[in-house]
Amino acid sequence: MSLTNTLPIYELGPDFYDEVAAARFPEAILRYRNQAAAKQIGLDNLTAEQWQKHFWAFEAVPENIKTPLALRYHGHQFQTYNPQLGDGRGFLFAQFQTQDRLLDLGTKGSGQTPYSRNGDGRLTLKGAFREILATELLESYGVNTSKTFSVFETGESLERHDEPSPTRAGVLVRLSHSHIRFGTFQRLAFLQQPENIKKLLAYCVKHFYPTLENHQDQEQAALFLQTVSQRLAKLVASWMMAGFVHGVLNTDNMNITGESFDYGPYRFLPTYDPNFTAAYFDHSGLYSFGRQPASVLWNLYQLGGALKVAYPDLPLDELLEGFADDFNYEIHQELLKRLNLRNPMQDPAAIQELNVDLVSHLFQFMEKEKCLFEQTMFDLHSGGIRERLARSPQGELYQKESFAKLKDTLECFEVASEEKAQHAYFKQPKACSLLIDELENIWKPIAENDDWTSFEEKLTEIRSFRGVYS
Ligand code: AMP
Ligand code: MG
């Protein structure tokens, strides 16, 4: 047996993917190379030529996946089942077992596959640019996200109805903790393949949930669903506390590890607004900011429904009834993390009561005064230090009567980390945000003059506070 046969993905076998060839591109202009991510998988020392050979020409990494694999999956798009999905413009390129985690390199925009339908298999450079900034900023805000690993501009031009066209093309590589989607299970349920569902569950348990290995059959499936539910509750809470609207919470965009990925028409909230919607094609607001928890829970039911094809007696309501409590708990944890606060109460009921007060007073204040979302999180870091509130661009809001209750509540908390409270990031008056106008203003000089200066400056700013929210 050759070494490559021992790669995890080959355990699943050919029912789960198709071997595909990468597109050949006319030009290779490196636009982004994530050295920190490369270091995680031991590729940080690649020369520029080697990097291009692997992440533009897609020559196999030694002793890794020999031929790229377009992964098979289905999924619900806006709650309508689509059996024609699958990797239509990407593939699984390589896998790496690090000390504690299995990581995948997958592509976006690397050419057509059997799942491209009418698509060109390509990604716009602007799409790649948006995904870089989303992953970098979410990481800095403490969200469990895939990493953008590499982006090359490819010299092709593309026609798109949602961008001024022709528009430039890019090819992106993503580093991710699994590319198994809810839709990977759903496809097997649709095809009535209970044995393959069991095989996929075994793969997920072995590589992503090893603590479940000493459980069997239905009990293991039940614990798997509950654990995925807990991870997703945490993820969606962290999105909410980052003011993030993913935009396309289809079941093919849900990773079973609870890692956030696939950033298309996402937005960050300007001001707190539950109805804020990111995707221009989301006419009903199904995936609006405030509906994200309900959408994720709906998706968990679809995952559960797929597991039932192999384990018909799974009690889905019972298994997923904890989602709401998990979500509320995680909202508190994520908010305390964002504000660098510690709840000093001893008694569980008192802890809960104070946390609930903090959340409700914060969001009442934000809604009433139409506060800037990220600026408010920034200003109230470590409890809202008086001099910092005074020099905030929205400083006058903290003088208002409507701030009083929140101010009193904040005073009941302790600072969690003095070191974080003193971080240089908080010496500046303005929070690092990424509202749509700013994003467009960073893109403009790239589109018009191929000037990447603002983009590089933004990356530096985003990375300057890495770790403050982790
Ligand atoms: P997404 O909206 O990126 O999550 O993609 C949804 C589905 O459409 C997936 O199966 C993608 O692979 C496919 N897809 C999106 N854009 C393209 C494209 N330009 N060419 C081929 N397939 C695409
Ligand atoms: Mg997708």
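Listed values, structure above:
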item	result
Yes/no for Ser402 being touching a Phe, Trp or Tyr at 6+ places or on another chain (Cβ under 8 Å) and either closer than 15 Å to Lys337 by Cβ or in a loop (DSSP other than H, G, I, E, B) (or both)	no
Scan of region 256-286 for residues that are within 12 Å of ligand 1 (Cβ to nearest atom) and in contact with a strand residue (DSSP E or B) (Cβ under 7 Å, 6 or more places away or on another chain), ordered by number	Phe261, Tyr266
Of all residues in region 346-366 being free of Cβ contacts under 8 Å to residues at least 60 places away in the same chain, hydrophobic (A, V, I, L, M, F, W, C) and surrounded by 15 or more Cβ atoms within 10 Å (Cβ to Cβ), the one that is nearest to Glu396 (Cα to Cα)	Phe365
Test: residue in region 41-56 that is away from ligand 1 (no atom under 14 Å from the Cβ), surrounded by 22 or more Cβ atoms within 10 Å (Cβ to Cβ) and hydroxyl-bearing (Ser, Thr, Tyr)	no
Single condition Asp451 does not satisfy, out of (1) surrounded by fewer than 17 Cβ atoms within 10 Å (Cβ to Cβ); (2) assigned to a helix (DSSP H, G or I); (3) under 29 Å from the mean Cα position of the chain (by Cα)	(2)
Within region 100-129, considering residues that are in a helix (DSSP H, G or I) and in contact with a helix residue (DSSP H, G or I) (Cβ under 7 Å, 6 or more places away or on another chain), the one nearest to ligand 1 (Cβ to nearest atom)	Lys126
Meets criteria (modelled with pLDDT under 95 and over 30 Å from Glu163 (Cβ atoms)) for Gln428	yes
Scan of region 201-255 for residues that are closer than 18 Å to Gly304 by Cβ, part of a loop (DSSP other than H, G, I, E, B) and within 16 Å of ligand 1 (Cβ to nearest atom), ordered by number	Leu249, Asn250, Met254
Residue among Thr251, Thr227 that is within 16 Å of ligand 2 (Cβ to nearest atom) and either closer than 19 Å to His179 by Cβ or touching a strand residue (DSSP E or B) at 6+ places or on another chain (Cβ under 6 Å) (or both)	Thr251
Among residues of region 71-122, those that are within 12 Å of ligand 2 (Cβ to nearest atom) and of a type in the set (D, E, K, R), counted	3
Residues located in region 166-199, provided they are farther than 28 Å from Gly42 by Cβ, hydrophobic (A, V, I, L, M, F, W, C) and out of contact with any Gly (no Cβ under 8 Å at 6 or more places or on another chain)	Phe185, Leu188, Phe190, Leu191, Ile197
Elements of type helices (runs of 4 or more DSSP H) contained in region 290-397, each with 2 or more residues being under 22 Å from the mean Cα position of the chain (by Cα)	292-308, 323-339, 373-379
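The values are calculated or read from the model by the stated rules, or taken from the named source; none is laboratory data. These numbers were taken from a predicted model, which means no experiment stands behind them. Reconstructed Cβ throughout: ideal geometry from the backbone, glycine too, with neighbour counts over all protein chains shown.
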